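Beneath this line is the structure, given in structure tokens, with notes to follow.
The values are calculated or read from the model by the stated rules, or taken from the named source; none is laboratory data. Keep in mind that what you see is a predicted model, and the values were worked out from it rather than measured. Note: ideal-geometry Cβ built from the backbone for every residue, glycine included; neighbour counts use all protein chains shown.
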């Protein structure tokens, strides 16, 4: 998926990694993709995924939101718009259990836990795909 998109961009004459490798959160294209609500920059493979999505969609902003975040900000994703995918990796801690589903405790009576890796998809929309967002979230005008 990612490799195919990078190859397609290269065949069209675009080197998607030729951008500033810093998070400036200006909303202008070219910086690291960031969350429009939190200002947090995306990292890892999500940078390439969102740069490619912005290039393919012709978006004029490097800011992204989930559908729910757009609504929380007072905006709405336009009908018919497609999301772009990013990924989240988290370690999930849960109570340790034996083979019968009983919780396990150490010798001092403290609950034992185990860590389970979790990979989840994020469905993101560029702010250029939304209407009604506050002015500071609006994409720059071309």
Inset, instruction - Could you list, in sequence order, all residues of region 81-104 that are surrounded by 12 or more Cβ atoms within 10 Å (Cβ to Cβ) and out of contact with any strand residue (DSSP E or B) (no Cβ under 8 Å at 6 or more places or on another chain)? - result: none
Inset, instruction - Would you check if there is a residue in region 96-112 being closer than 26 Å to residue 41 by Cβ, outside any loop (DSSP other than H, G, I, E, B), over 17 Å from the mean Cα position of the chain (by Cα) and without any contact (Cβ under 8 Å) to a residue 60 or more places away in the chain? - result: no
Inset, instruction - Take region 58-81 and flag every residue that is closer than 11 Å to residue 124 by Cα and not in a loop (DSSP other than H, G, I, E, B). - result: 63, 64, 65, 66, 67, 68, 69, 70, 77
Legend entry - Filtered residues of region 1-57 (kept if in contact with a helix residue (DSSP H, G or I) (Cβ under 8 Å, 6 or more places away or on another chain), in a loop (DSSP other than H, G, I, E, B) and modelled with pLDDT of 75 or more): 32, 33, 36, 37, 42
Legend entry - Residues located in region 110-132, provided they are at pLDDT 95 or above and over 21 Å from residue 51 (Cα atoms): 110, 111, 112, 113, 114, 115, 131, 132
